[in-house]
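Below is one structure; the comments refer to it alone.
The values are calculated or read from the model by the stated rules, or taken from the named source; none is laboratory data. Here the structure is a predicted model, which means the values were calculated and not measured. Reconstructed Cβ throughout: ideal geometry from the backbone, glycine too, with neighbour counts over all protein chains shown. With ligands, DNA and RNA removed, areas are computed over all heavy atoms of the protein, side chains included. Shrake-Rupley method; radii C 1.70, N 1.55, O 1.52, S 1.80 Å.
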Amino acid sequence: MGWQELEARYYHQAFRRFPVTLVRGEGSRLWDDEGNSYLDFTAGIAVTTLGHGDPQLCEAVADQVRSLAHISNLFYTTPQLEVAQRLVDNSALDRVFFVNSGAEASETCLKIARKWGRTQRDGAYEVITAEHGFHGRTIATTAATGTPAYQEPFAPMPSGFTHVPLNDLDAVDDSISAATAAVMVELVQGESGVRMADVDYVQGLRRVCDEHGVLLIFDEVQTGIGRTGRLFGYENFGVTPDLIGLAKGLGGGLPIGAVLSSETVSVLAPGEHGSTFGGSPVACAAARVVLDRVMAPGFLDEVRAKGEHVQARLRDGAGRGDRITDVRGLGLMIGFDLESEDVATDVVEKARSNGLLLIKAGPETIRIVPPLTITLDELDEGLDALDAARGA
Ligand SMILES: *Cc1c(COP(=O)(O)O)cnc(C)c1O
């Protein structure tokens, strides 16, 4: 049996996968089990910050797994505290709680918001989120996400969530009531099509949340850790939130998530929340390398320059071949629209046969989220393959 038949036979049939079995990666390149190579514009959905097989990350992880792989949060471990210090010292927030995934980071933000609302705002518990947002696949984060197709199979959803259109400040203002504990948004909506929150809107959210005395939460699971050309996405907006959720890029491919909170919102008491694997020594050994590299002088300047180069090339070539109708993004989190869902699907497939891996975000949007370490030459090589796939 081939690998893909094995999957069909044994795996819960819950994914629609590309017909490619990847076996090895190096930098921004991947190889399948038939020896074909691909340039990677996906980074495992904005995860492999330093590319595949980064020597420093591999060595740190190998050293850590040999000395201490896991011991639980009943003890102090050193990689976790080194990452905690780096995150807090380089952010506008004060404390960290480590988890394993984006959903768990969002879930933790929701629990903190509820505890805070219960104790500091007369039992407020409701969270307002944006339509077309994405916060994870647990029951509560599915309720926060709001997309009917994600919710219906699992109804009834937990109560306490209200959804409003993105970039409509009045809608948030009108929706806040005595029951509201927090507003939670992505700064760039990743899964639903790289939809950007406006700077004015995000600054307005801070003002409205302060006026009403409710928390402002940014789901930075995808925008965090250099993806937008700043260590944290909120730096692009000049706004300090009360809580942020992180995951995807933090471990450079190892599973780790984190919640950063301001001091007044750091309300979880012993026994109220936990995570067996959260902030494990191995994941944190990887995150330590990721953070040191992303924060090294010049690294984020290059991410911004690379992102601008990609956007400029997409705009330049927009009218040739299959037309590109819109280009948007921040740093190396870029989306562009083609004229229809079918064209977008077709371009992704043709690009793959030209040796370029791309993923979609929403029906007619293709997302470019490569490793942050990708070179300009590799970006051009990939964009050439994309042009060929569009017949440009
Ligand atoms: C991917 C994503 C999540 C969910 O992360 P998982 O690790 O898949 O649970 C949550 N929020 C945002 C903004 C994401 O992009």
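Just a few scattered comments:
- Close pairs (6 angstrom Cβ cut-off, 6 or more residues apart or separate chains): among the aromatic types (Phe, Trp, Tyr) in the range 35-53, in a strand (DSSP E or B) and open to solvent by less than 10 Å² (accessible area, probe 1.4 Å) anywhere: 41/368
- Filtering the range 311-345 to residues that are in contact (Cβ under 8 Å) with a residue 24 or more places away in the chain and either under 28 Å from residue 86 (Cβ atoms) or of a type in the set (Asp, Glu) (or both) leaves 322, 329, 330, 331, 332, 333, 334, 337, 339.
- Restricting attention to the range 125-142, the residues being out of contact with any Lys or Arg (no Cβ under 7 Å at 6 or more places or on another chain) and either open to solvent by 70 Å² or more (accessible area, probe 1.4 Å) or modelled with pLDDT under 95 (or both) number 3.
- Test: residue in the range 77-92 that is open to solvent by 10 Å² or more (accessible area, probe 1.4 Å), over 22 Å from residue 212 (Cα atoms) and within 12 Å of the ligand (Cβ to nearest atom): no
- Boolean, residue 235 is surrounded by fewer than 19 Cβ atoms within 10 Å (Cβ to Cβ) and in a helix (DSSP H, G or I): yes
- Residue match in the range 106-123 (condition: under 15 Å from residue 266 (Cα atoms), out of contact with any Cys (no Cβ under 8 Å at 6 or more places or on another chain), of a type outside the set (D, E, K, R) and open to solvent by 60 Å² or more (accessible area, probe 1.4 Å)): yes
- One residue stands out in the range 184-201 among those that are of a type in the set (A, V, I, L, M, F, W, C) and within 15 Å of the ligand (Cβ to nearest atom): the one that is surrounded by the fewest Cβ atoms within 10 Å (Cβ to Cβ), namely 196.
- Residue in the range 96-128 that is nearest to the ligand (Cβ to nearest atom), counting only those that are under 25 Å from residue 44 (Cβ atoms) and in a strand (DSSP E or B): 99
- So residue 264, is it open to solvent by 40 Å² or more (accessible area, probe 1.4 Å), away from the ligand (no atom under 12 Å from the Cβ) and within 27 Å of residue 167 (Cβ to Cβ): no
- Test: residue in the range 143-153 that is within 14 Å of the ligand (Cβ to nearest atom), open to solvent by 40 Å² or more (accessible area, probe 1.4 Å) and in contact with a Lys or Arg (Cβ under 9 Å, 6 or more places away or on another chain): yes
- Tabulated pairs, the range 122-149, first more than 25 Å from residue 14 (Cβ to Cβ) and of a type in the set (Val, Ile, Thr), second within 11 Å of the ligand (Cβ to nearest atom) and outside any loop (DSSP other than H, G, I, E, B), C-beta under 7 angstrom, 6+ apart or interchain: 127/144; 127/184
- Hits in the range 206-227 (condition: within 21 Å of residue 181 (Cα to Cα) and within 16 Å of the ligand (Cβ to nearest atom)): 216, 217, 218, 219, 220, 221
- Note on the range 267-302: among residues that are closer than 21 Å to residue 90 by Cα and among the acidic types (Asp, Glu), the one that is most open to solvent (accessible area, probe 1.4 Å) is 302.
- The numbered conditions (1) of a type outside the set (D, E, K, R); (2) at negative phi; (3) not in a strand (DSSP E or B) are all true for residue 44 except (2).
- Screening 315, 230, 320 for residues that are assigned to a helix (DSSP H, G or I) and open to solvent by 20 Å² or more (accessible area, probe 1.4 Å) leaves exactly one candidate, 315.
- Exactly one residue among 365, 345 is β-branched (Val, Ile, Thr) and within 16 Å of the ligand (Cβ to nearest atom), and that residue is 365.
- Residue in the range 356-379 that is in a helix (DSSP H, G or I), surrounded by fewer than 19 Cβ atoms within 10 Å (Cβ to Cβ), in contact (Cβ under 8 Å) with a residue 40 or more places away in the chain and at negative phi present: yes
- When 222, 203 are checked against the criterion of being in contact with a helix residue (DSSP H, G or I) (Cβ under 8 Å, 6 or more places away or on another chain) and modelled with pLDDT of 95 or more, a single residue qualifies: 222.
- Residue that is nearest to the ligand (Cβ to nearest atom), among those in the range 238-251 that are open to solvent by 10 Å² or more (accessible area, probe 1.4 Å) and not basic (Lys, Arg): 242
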